[in-house]
Amino acid sequence: MNGVDRESVFAQVYARHFKLVFRVAYSITRNEAISEEMSQEAFLRYYERMDRLPTGDEARYWLLRVVRNLCYNHEKRKGREARANQRSFHEPQRDSVNEGEQALLEQESRQQVLDALERIPFNLRTVLVMKEYGEMNYKEIGRTLGISEGNVKIRVFRARQQLQEYLKKGEVHVP
Amino acid sequence: MCPDKILLSRFYDKDLERSEMDRIRNHLAECGSCGEYVDALGEQSRLIHAVPIPSSSDKEARILDRILHGRTMWSRNRTFTFHLPVPIAAAAVLLFFFMTGLLLSRQLPFSGGADPGSPMAGGELQENGGSRENLDELLVGMKHAGFFDEVEMDIPFDMDSDIVFDPELTMASTAYPGGE
């Protein structure tokens with residue numbers, strides 16, 4: 001594969017999967033800058049090894065696995081406290097147009113959902129994120145993470161159970 | 001009998017065979033508790049998707065450019081840090097203070113506390129300045145204190161000779177066969 005072909009193939013894979021990879025990274029880390037960093041690193045690794053890696057839809061599994069591992073390593077490195085501090089600086093800004101009590105309620109509820117998601121153990125959260133944001137089925141998630149389909153089913157169930165418990169403690173309202 | 005919740009979770013994800021899906025759907029029509037559980041899963045999913053995710057469109061072009069042109073975020077932001085081992089750093093600090101002290105002591109103006117005969121006394125003696133006078137006074141003071149009285153000198157040459165020479169060297173020279 002010459003340089004031009006290589007860049008062309010990479011650009012196609014990139015255009016196809018970047019949004020998903022970024023969305024999954026952000027859903028796990030809840031930090032825009034870190035998500036950008038992790039997404040870039042995942043695609044950079046793909047670009048460096050793409051002669052030996054699949055293209056098209058198959059590339060998605062590889063990219064998601066790498067970005068998940070990068071996020072996991074980041075989470076281990078920084079720890080929960082550091083992430084909480086960063087989140088306060090990077091959390092999405094309130095919509096200045098949608099004002100009033102309703103907007104405030106929505107904002108608080110979203111924050112509660114974020115907090116609840118963050119309390120779920122990493123392995124469960126990742127599976128749930130891939131299910132919800134990645135729109136992947138159990139088989140695809142298992143393939144991405146290198147775990148069995150049965151294991152994915154259990155993890156999705158447990159993640160939902162825990163999320164439900166945490167959300168029950170706060171009165172969540174997102175219309 | 002109600003299906004277990006894992007099965008309901010799979011039903012919500014449409015991860016069951018058609019016959020199994022139908023069976024649970026029929027059950028949900030009759031069982032309020034299981035119906036509530038499945039509704040809660042739907043609500044949960046809606047809440048998750050209600051959380052805003054920042055737009056990635058601005059980052060997309062930027063990151064692609066960095067990757068294809070080798071300008072990674074790390075190379076752009078990387079700062080060079082040099083880590084020196086602690087023992088070497090400590091030795092360097094000690095050496096620095098030692099050398100600084102040494103240099104300062106050499107540059108100090110001549111004072112009575114230092115040995116006037118020592119090269120460490122430093123400072124140029126100025127003919128018109130006060131340093132030369134101070135030195136004279138100090139030497140006079142030392143003489144009165146008997147500093148020079150106890151000095152003994154061995155003179156290694158013959159005082160009678162017109163030429164000042166070392167007699168031992170002269171003898172060695174004459175004993176040498178090739179010497180004159």
Any hit, region B:65-77, residues being closer than 30 Å to residue A:131 by Cβ, modelled with pLDDT under 90 and surrounded by 11 or more Cβ atoms within 10 Å (Cβ to Cβ): yes
Filter result for residue A:44 (at pLDDT 90 or above, open to solvent by less than 70 Å² (accessible area, probe 1.4 Å), more than 14 Å from chain B (Cβ to nearest Cβ) and assigned to a helix (DSSP H, G or I)): no
Residues (within 14 Å of chain A (Cβ to nearest Cβ) and not β-branched (Val, Ile, Thr)) located in region B:6-24: B:7, B:8, B:9, B:10, B:11, B:12, B:13, B:14, B:15, B:16, B:17, B:20
Test: residue in region A:141-150 that is closer than 21 Å to residue B:39 by Cα and surrounded by fewer than 21 Cβ atoms within 10 Å (Cβ to Cβ): no
Test result for residue A:68, more than 13 Å from chain B (Cβ to nearest Cβ) and either modelled with pLDDT of 90 or more or under 27 Å from residue A:122 (Cβ atoms) (or both): yes
Among (1) out of contact with any Lys or Arg (no Cβ under 6 Å at 6 or more places or on another chain); (2) surrounded by 15 or more Cβ atoms within 10 Å (Cβ to Cβ); (3) over 15 Å from residue A:129 (Cβ atoms) - the single one residue A:17 does not satisfy: (1)
Residue tally, condition small (Gly, Ala, Ser), more than 9 Å from chain A (Cβ to nearest Cβ) and closer than 12 Å to residue B:8 by Cα, over region B:25-74: 3
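The values are calculated or read from the model by the stated rules, or taken from the named source; none is laboratory data. Owing to the predicted nature of the structure, the values given are computational and were not obtained by experimental measurement. Positions of Cβ are backbone-derived with ideal geometry, glycine not excepted, and every protein chain shown enters the neighbour counts. Areas reflect the complete protein model, heavy atoms only, side chains present, ligands, DNA and RNA absent. Shrake-Rupley method; radii C 1.70, N 1.55, O 1.52, S 1.80 Å.
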